[in-house]
Amino acid sequence: MGQDDQPQEKPVVLKHDVLLCKKIIGVHGVDNQPTRYKASRESKNQKEEWKQLQAELTSTTLSLYSSSPLIWPCRRLEHQVKLREDHNQCNLHHYNTFRHHTKYLRLYLHSPLDYTFCIRYPYKQSREECITLTFRARSMTLSQEWYLALYKILPEQCKPVCSPWCEVNIPMMDLQVRLPLVKMEGGNNNNNNPMDLLRYDISLESVKHAVLAVLEKSQVTNSSTNWSVLDKEDLAMCWTRGNRTEWTYWTHSLLDQSRNINHVISPQHIEQTHRLELRQIEHTPNHIVFADKKNMKVINRLVFYDDQCIKI
């Protein structure tokens with residue numbers, strides 16, 4: 001049996017879940033064209049409605065399957081996006097094909113509000129047309145998890161550059177603390193790529209303690225009256241965008257309670273859509289008392305998706 005005839009090992013699935021997906025077939029560079037030319041090219045776009053698909057992520061591909069309610073457990077492959085070159089099939093033809101593929105392969109955040117994200121890749125071997133897949137998970141935190149999982153796998157030229165520095169803003173003191181997010185190794189690291197040294201495991205709780213340690217060491221807190229009366233437990237990290245504040249309340253994954261998701265390297269940091277701040281905790285009331293002494297209790301909204309209840 002020759003080397004080419006040996007059976008291929010089945011790739012290990014790193015992540016799988018049900019996602020909403022919408023497909024758009026368009027052309028490259030539409031946003032940079034004049035209005036009239038842009039309108040004529042956009043008219044050629046082919047859009048599909050949202051579909052619920054089973055997503056499977058491996059170290060080289062993202063596969064999306066649809067399952068028929070009539071024939072179970074049969075499923076059909078709808079889309080398969082090549083994310084990295086398979087070294088077991090590395091030859092000149094595959095290398096040239098994948099190099100053209102990665103030229104237009106992109107991961108980006110579509111909405112900084114609900115963290116809907118997109119993957120764009122070339123349509124077959126076309127130099128103009130591309131396919132854009134828009135994804136939405138069952139919750140914002142799950143969308144963030146999928147974005148980060150794809151980000152770790154994709155080549156550098158196919159994703160936004162992640163800053164190796166974390167800037168924490170403290171509005172109460174009008175200060176900003178800058179912390180590194182890379183591995184601090186001994187010796188000269190000038191030849192190392194900063195992207196290869198990123199610490200994806202740094203939690204926002206660790207950032208909070210590091211900021212407090214820096215402030216205490218510099219004795220800046222002594223000059224702030226409001227800060228001195230606060231307890232450390234009254235402070236928390238949050239992401240802000242305009243007048244919107246996202247407190248980092250969810251620390252573990254909805255699908256795996258043993259996995260921590262409260263990390264500083266996130267879509268907010270990578271895409272630079274939010275500001276990271278250390279603030280005094282502002283609690284949301286769970287009941288409202290009116291002038292006539294009547295109470296209205298605020299009930300947490302429950303979302304049912306794929307027969308599972310998720311608390312928002």
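No lab work stands behind these numbers, since they all come straight from the coordinates. What you see is a predicted model, and the numbers here were worked out from it, not measured in a lab. When we count neighbours, we look across all protein chains shown, and the Cβ atoms used for this are built from the backbone with ideal geometry, even at glycine.
Using a 7 Å offset from the Cα along the Cα-to-Cβ direction at both Ser66 and Tyr200, what is the distance between the two label points in nm, to one decimal?
For the pair Ser66/Tyr200, the computed spacing is 3.1 nm.
Could you work out how much longer the chain between Lys232 and Arg178 gets when fully extended? Use 0.36 nm per residue separation minus the Cα distance between them, nm to one decimal.
Here the answer is 17.5 nm.
Between Ile24 and Gln257, what is the FRET efficiency for a Förster distance of 51 Å, r being their Cβ-Cβ separation, to the nearest 0.05?
0.90
Which pairs in the list Lys22/Lys208; Lys82/Lys183; Lys51/Lys208 are over 31 Å apart, alpha-carbon to alpha-carbon?
Over 31 Å Cα-Cα: Lys22/Lys208; Lys51/Lys208.
Put a dot 7 Å past each Cα toward the Cβ at Glu128 and Gln280; how far apart are the dots in nm?
Placing both labels 7 Å along Cα→Cβ, they lie 6.0 nm apart.
Using modelled backbone amide H atoms (1.01 Å from N, in-plane), which distant-in-sequence or interchain residues come within less than 5 Å of Leu235's amide H?
Ile281
Between Lys103 and Trp165, with labels modelled 7 Å along Cα→Cβ, what's the label distance in nm to one decimal, could you check?
Here the modelled spin labels are 3.5 nm apart.
Working out 0.36 nm times the residue gap between Arg76 and His16, then minus their Cα-Cα distance, what length gain in nm do you get to one decimal?
That pair, Arg76 and His16, stretches by 20.0 nm at full extension.
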